[in-house]
Every structure is written in C-alpha cells, then in structure tokens.
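Each value in this text was obtained by applying a stated rule to the coordinates, not by laboratory testing. Here the structure is a predicted model, which is why all the values come from computation and not from measurement. Cβ atoms come from the backbone with ideal geometry, glycine included; neighbour counts cover every protein chain shown.
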Amino acid sequence: IPALEALMVEYGVSRVTMRQAIALLEQDGLLQRGQGRGTFVTGDATAERWLMIPTEWQALIQHIVGLSGHFVTLEDGMVPRIAAG
C-alpha cells in the first residue's frame, strides 16, 4: 500500500489516525508491515463480509425480496439475545 504520508494526504487524516487504521487492519490479518520493506496486503476482506449490498437496481430488488426478519418484544430491563447464524 502507499506510504503513510501519502495515505494521510489522500484521506485527509492525521498521522495518529492513519497509524491506528493500519494497526487495526494488521490486527485483522489484512496487512503485514515490515521495517524497510513497506506494508503489504496479505488478507482478503471479502470472505469476512457479513453485509452485502448490491449496487445494481435489479440485484438490490432481489436482495430485498429475499430478506427475512422477526420482531422481538422486550420486557422492561431485558436485553435481547442475538442468535448466531
């Protein structure tokens, strides 16, 4: 990926913010930093996406039609339990 300074300029953020973002991506296994070598993309974020929003009209309609949901009624002071999957 580009040098830290170039990313700071491109995204209009401070050095601290850019370093934190890169550290998070490295922590997630998406980047690998090497002193004197640079920072390289090592992972694929597409496999971890939990929400896909189509960008074409027909695909968006098909996506919406396929959605399902349910209502949860809470009593005072209760916290909903989120089911996995």
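What shape does region 1-77 take by its C-alpha gyration tensor, where a ≥ b ≥ c are the square roots of the eigenvalues and a/c under 1.5 counts as rounded, a/b above b/c as prolate, and the rest as oblate?
Numbers: a/c = 2.59, a/b = 1.92, b/c = 1.35.
Because a/c hits 1.5 or more and a/b exceeds b/c, region 1-77 counts as prolate.
If you plug the beta carbon distance of Arg19 and Phe71 into 1/(1 + (r/R0)^6) with R0 = 30 Å, you get a FRET efficiency near 0.10.
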